[in-house]
Amino acid sequence: MTATLPRRPAARPPAVAAPPGHSMLGPVLVHRRGLVTVVGLLVVLGAVVAISLAVGSVRIDPLRAVGAVFGTGTPRDLLVVGQLRLPRVEAGLAVGIALGLSGCLMQTLARNRLATPETTGLNNGATAFAVASVVSVPMSLAPPAMALTGAATAAALTLGLSGGAGPRGYRFLVVGLGLGAVFGAVTNLLLARADIDTANAAMPWTVGTLNTTTGPAVRLLELGLLVGLPTAMLLGRWLRALRFPDAVATGLGVPLGRARIAVLLTSVGAAGLSVAVAGPLGMVALAAPEAARRLTGPGPVPVVASALTGAVFTLLADLVGRTAFAPLEIPAGLVTAVVGGPYLLWLLLTTRTRTTP
Amino acid sequence: MTVLQTRSLTLAHARTPVIDGLDLDLPAGQVTVIIGPNGCGKSTLLSGLARVLAPRGGSVLLDGCALATMPTREVARRVGLLPQSAVAPDGLTVRDLVRYGRHPHQGLLRQWSRADAEAVDAALAAAGVEDLAERPLDTLSGGQRQRAWIAMVVAQDTPVVLLDEPTSALDLGHQIEVLDLVRSLAARGRTVVLVLHDLSSACRVADHLVALVDGQVVAAGAPGAVVNPGLVRRLYGVESVVVPDPTHGTPVVCPVGLAARTG
């Protein structure tokens, strides 16, 4: 016999009322504020994309710029938008989505808002490898491939040395921090021994920029996101429960080991592929989930909202970097660092004391 | 009724075994209270019963099936756990928290059902937190928050309920409220296992008492049959007088002082 609380006999029940703040969409329970946030972010992102396509050394009306994407407009529009700006915007979108997603997953996993690809050594690993390929004798691998190799190496080393995600993911964080320091030192050593021109050529891989992206790396990232984003959304149920202490999550029926590995691999994969495209673009993975959580409110883990916020941040940073001091171009990574730092401080100082992401 | 047993169960933290070869039967549909001095392995045992801690040896059996071989979700539908000093993500309301209790009953294509809604409402009522349902957890007092957590476990609707010190941080009134709730769960046929520090509360709420010292059972049975000055001395090193409670007849322990250490 299974003991249950008293229940009315179920005779063809009418539609069940959703909990406060939610709506039923078929079998799916929709968090209304979360949905509004995602729709709002999509609108904002659309506007930022249009502006990014329109603004530059040649100004085009945003509507015409969007039209040019779909093949209408003057040959000049088609050239400027289609050949020059669209690939860059596309890369920015993919990189931003990947960073926002990766940060959200890592922070939730570690129950620590400081857990991001930057703090876990991934970015430093990618930078060290990419710089090595620029600085040393020409290698068979191009810098993006080396960056991806570096990110994968750093992630594999961190995972291997920490023996998986570990309790609360702390071990993973601490090992990542240590490895990151080692990789950072390697980068500095390489740059110190290189002549000034070579060091200059390696510079994009130390700050992060959308100026040197390559087609194949972007395609690979997009492919990764096609798998990673739906995976992360399917992991949503586990992610929500992972925010509780381990004993509670286990008690609720979450297979902790499998859940942690799935979340970690998705996060590391997205971050690694994005570093191969744009280098170590800082602060986005840290700040985007923070902003998304604010917009969405407590309750859900804002996977999609973080990804979209990441894309908005990245495109805005690139837009500012391209236009603020034109014709001089500032790498997007510098903009995210300069703007992101104070923004994050403001967020942290104006939010009530919070311990869990 | 669901039967929970351990067979030569060994539980360890790192390399140190805390429980070594324990055989224990937890009576179905009754309230079992585990007592013992600090560090005797009470919480460790409860973690083992809830498969939060994997056995180093032996097994925990649920209706004769080894817990370690069952899918986590299947176990979560049959065994509910309230660990000690659990913390929730920021900003959750009481109702949000209690809804998490339905997690093992839900899936991607079954995210919210009538059974979920009814179980949540019933659990809120049973734990006496209906009026607090829409309040964020961080605005509640310790006692209110503790009852919200208990409501989460009640909403999980499991035949076995494990509670680790559910009355810590509660005042006398709320302690009695929680212990009454525990009794009412057992009255509905659930098997309840608690860890409690207070011996008199333990005697009052328990059908079955299990006393642990160094991971070994030193006494097990009805409170009236096992609680005596000898047991209290063995558990806590305290000399005491044990008298029947004037209202309930259950044993009440009146400590006299520390026992003289021998050996």
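The values are calculated or read from the model by the stated rules, or taken from the named source; none is laboratory data. The shown structure was predicted, so the numbers you read here are calculated from the model rather than taken from an experiment. Because the Cβ atoms are built from the backbone with ideal geometry, glycine has one as well, and the counts that use them run over all protein chains shown.
Brief remarks on what is shown
- Cβ pairs under 7 Å, 6+ apart, first in the stretch A:243-259 and within 7 Å of another protein chain (Cβ to nearest Cβ), second polar (S, T, N, Q): A:Arg243/A:Thr108; A:Arg243/A:Thr356; A:Ala247/B:Ser47; A:Thr250/B:Thr72; A:Gly253/B:Thr72; A:Val254/B:Thr72; A:Pro255/B:Thr72
- Residue in the stretch A:246-261 that is within 22 Å of A:Leu159 (Cα to Cα), in contact with a Ser or Thr (Cβ under 8 Å, 6 or more places away or on another chain) and surrounded by fewer than 22 Cβ atoms within 10 Å (Cβ to Cβ) present: yes
- A Cβ distance below 6 Å, combined with a sequence gap of six or more or placement on separate chains, defines the contacts here; from the stretch B:205-228, residues that are in the same structural domain as B:Thr167 (by TED's automatic domain parsing) reach residues that are among the acidic types (Asp, Glu) and crowded, with 16+ Cβ neighbours inside 10 Å in the pairs B:Gly215/B:Asp20.
- Residue within the stretch A:234-251 that is part of a helix (DSSP H, G or I) and over 30 Å from B:Ile150 (Cβ atoms) present: yes
- Top-ranked residue of the stretch A:294-349 - restricted to ones that are more than 28 Å from A:His31 (Cα to Cα) and among the β-branched types (Val, Ile, Thr), ranked as surrounded by the most Cβ atoms within 10 Å (Cβ to Cβ): A:Thr336
- The residue that is surrounded by the fewest Cβ atoms within 10 Å (Cβ to Cβ), among those in the stretch B:188-240 that are in a helix (DSSP H, G or I) and basic (Lys, Arg), is B:Arg233.
- Filter result (surrounded by 19 or more Cβ atoms within 10 Å (Cβ to Cβ) and under 15 Å from B:Gln84 (Cβ atoms)) within the stretch B:139-154: B:Arg145, B:Gln146, B:Trp149, B:Ile150, B:Met152, B:Val153
- B:Ser200 vs. criteria in the same structural domain as B:Val33 (by TED's automatic domain parsing) and either out of contact with any Phe, Trp or Tyr (no Cβ under 9 Å at 6 or more places or on another chain) or not hydroxyl-bearing (Ser, Thr, Tyr) (or both): yes
- Per the conditions (1) within 19 Å of the chain's Cα centre (by Cα); (2) assigned to a helix (DSSP H, G or I); (3) within 13 Å of chain B (Cβ to nearest Cβ), the sole criterion not satisfied by A:Leu273 is (3).
- Just so you know, in the stretch B:12-61 the residues that are within 14 Å of another protein chain (Cβ to nearest Cβ) and assigned to a strand (DSSP E or B) include one that is nearest to B:Thr158 (Cα to Cα), and it is B:Val31.
- When each of A:Met283, A:Met233 is tested for being surrounded by fewer than 24 Cβ atoms within 10 Å (Cβ to Cβ) and more than 9 Å from every other protein chain (Cβ to nearest Cβ), the lone residue that passes is A:Met233.
- Residue match in the stretch A:97-115 (condition: at pLDDT 85 or above and under 12 Å from A:Thr158 (Cβ atoms)): yes
- Residues in the stretch A:186-242 that are more than 30 Å from A:Val301 (Cα to Cα) and among the β-branched types (Val, Ile, Thr): 8 in all.
- Residues that are β-branched (Val, Ile, Thr) and buried (at least 17 other Cβ atoms within 10 Å of the Cβ) within the stretch A:31-63 comprise A:Thr37, A:Val38, A:Val48, A:Val49, A:Val55, A:Ile60, listed in sequence order.
- Residue in the stretch A:192-206 that is out of contact with any helix residue (DSSP H, G or I) (no Cβ under 8 Å at 6 or more places or on another chain), in a helix (DSSP H, G or I), away from chain B (no Cβ under 14 Å) and hydrophobic (A, V, I, L, M, F, W, C) present: yes
- Scope the stretch B:68-85; condition of a type in the set (A, V, I, L, M), assigned to a helix (DSSP H, G or I) and within 8 Å of another protein chain (Cβ to nearest Cβ); matching residues: B:Val75, B:Ala76
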